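Note sheet for the following structure.
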Amino acid sequence: MARLHRLISVHEFPQSLPRAILTGEACLWCLAPINGTAVDLGLSDDLPLAGCEPCYSARLAWYVSWYDWHEHYQRCVPCQQRRTCYVGHGRRILHEQTTGPADKPQPTCFTCQDPLLRAEIRAAALAQPDHRRPPLQLRPRWMPDRKGDRSVSSPLRPITYWNGMPVPFITAWTKEAVPPQPLAVIHGRGGSGLGFRDEEAHIDRHYGVPWVRMPAVRGGRSDFAAVHALRQRQAMSRLLCQICGGPTVGTRPDERTLFLTGAAGGRPITPGEQTTAPPVHAVCARLAVQKCPPLRDHGWAAALVGYAPTWGVAGQIHHPRTLEALGGDVSQVPFTDERGIRWVLATRLVITLEEVTPVTDLDVLAERELELVRVSR
């Protein structure tokens with residue numbers, strides 16, 4: 001609340017300040033006489049500004065409803081994919097209902113400055129991660145770090161190389177070896193399940209499942225056969241490119257996302273298929289099929305996907321009593337398996353690929369993607 005109060009106090013100034021406002025006798029926004037319910041904006045003793053309770057409450061509701069919408073958008077894959085999400089739409093409507101009482105103008109896109117139409121899909125975004133500026137809205141493409149800064153607008157990120165080979169964003173390194181896991185039985189409202197003896201739920205548990213602990217320091221040499229659990233989950237949940245780590249949402253005019261998998265024998269990607277492989281940029285996919293020996297020598301399959309909901313996790317299942325790992329292979333467990341999901345230590349997030357269109361020519365997609373990036377600058 002202190003941060004929201006500061007946002008209102010610092011950023012909600014009208015263009016003109018009559019004498020009654022400067023002396024603290026009238027509301028900063030509506031000029032109504034100040035009474036006992038007024039809110040002290042607390043800027044300084046020399047400038048005793050205050051706001052009446054209705055005006056302050058309206059602006060507070062505008063900020064609170066926006067941050068509720070923003071928090072949901074950051075965690076909701078359908079919202080980021082511009083799919084139907086009734087929760088996200090409801091929070092946006094609640095925010096729009098506060099625009100009039102808070103005396104806010106019609107929103108404009110942060111990146112292109114054009115007005116946002118009421119029926120247009122939009123995203124809640126921040127100009128800075130430290131929340132020192134008022135909230136913003138934009139068309140959900142990629143967002144520059146600073147207003148007017150087009151140098152960072154490209155979704156493509158520099159790729160890491162090791163010994164002349166490109167290293168995917170999700171690849172683990174030798175300095176990221178998995179340490180011993182202090183596993184324990186955790187008792188909660190829904191019953192017992194796997195956890196850690198010193199568990200911090202907001203760090204160790206995601207999607208209601210404990211995730212393997214491992215460092216994220218990218219050093220030593222790259223282990224192409226290993227996948228880093230944290231970066232894989234980030235790439236899946238945020239639809240980041242598995243090669244460069246840049247965003248893939250909104251990089252195509254048709255709003256679909258490209259996925260690339262190994263395909264021995266030329267087996268195509270089919271609708272309803274589960275995968276632990278995050279999406280990929282077309283440019284990065286073209287590089288991968290040229291440089292990655294398994295893809296180059298044994299075949300690959302690519303597809304444009306319209307919808308990729310989360311399905312479950314992949315990880316090691318543990319015995320409920322002894323906590324010993326059951327089998328040596330990684331098992332895929334759906335979120336609908338309420339019993340099995342309780343005893344898995346997750347290492348990867350699994351999604352389902354829907355609305356699939358097979359792709360055979362990555363060169364065409366890559367050139368279109370590069371042209372789109374050039375136009376956006």
(request) Scan the range 12-58 residue by residue and report those that are within 18 Å of G100 (Cβ to Cβ), modelled with pLDDT under 75 and surrounded by 14 or more Cβ atoms within 10 Å (Cβ to Cβ). (result) E12
(message) Of everything in the range 245-276, what is under 17 Å from the mean Cα position of the chain (by Cα) and hydrophobic (A, V, I, L, M, F, W, C)? Give them in sequence order.
(response) V249
(message) Condition first: open to solvent by 30 Å² or more (accessible area, probe 1.4 Å) and without any contact (Cβ under 8 Å) to a residue 60 or more places away in the chain. Now tell me which residues in the range 261-291 satisfy that.
(response) G262, A264, G265, G266, R267, Q290
(message) So, S9, is that one polar (S, T, N, Q), in a helix (DSSP H, G or I), open to solvent by less than 20 Å² (accessible area, probe 1.4 Å) and at pLDDT 85 or above or not?
(response) no
(request) Just need a number here: residues in the range 308-337 that are over 20 Å from V227 (Cβ atoms) and loosely packed, with under 11 Cβ neighbours inside 10 Å. (result) 4
(message) Just to be sure before I move on: is R233 modelled with pLDDT under 95, in a loop (DSSP other than H, G, I, E, B) and either under 22 Å from T276 (Cβ atoms) or polar (S, T, N, Q) (or both) in the structure I sent?
(response) no
(request) Give just the number: which of (1) open to solvent by less than 50 Å² (accessible area, probe 1.4 Å); (2) more than 23 Å from G250 (Cβ to Cβ); (3) of a type outside the set (F, W, Y); (4) part of a strand (DSSP E or B) does L295 not satisfy? (result) (4)
(request) Could you check how many residues of the range 184-215 are within 29 Å of Q242 (Cα to Cα) and in contact (Cβ under 8 Å) with a residue 12 or more places away in the chain? (result) 14
(message) Looking only at the range 63-105, how many residues end up being over 20 Å from the mean Cα position of the chain (by Cα) and at pLDDT below 70?
(response) 0
(request) State all residues of the range 355-377 that are open to solvent by 60 Å² or more (accessible area, probe 1.4 Å) and in a strand (DSSP E or B); if no residue qualifies, say none. (result) E355, P358
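The values are calculated or read from the model by the stated rules, or taken from the named source; none is laboratory data. These numbers were taken from a predicted model, which means no experiment stands behind them. FYI the Cβ positions are ideal-geometry reconstructions off the backbone, even for glycines, and counts take in every protein chain you see. With ligands, DNA and RNA removed, areas are computed over all heavy atoms of the protein, side chains included. Shrake-Rupley method; radii C 1.70, N 1.55, O 1.52, S 1.80 Å.
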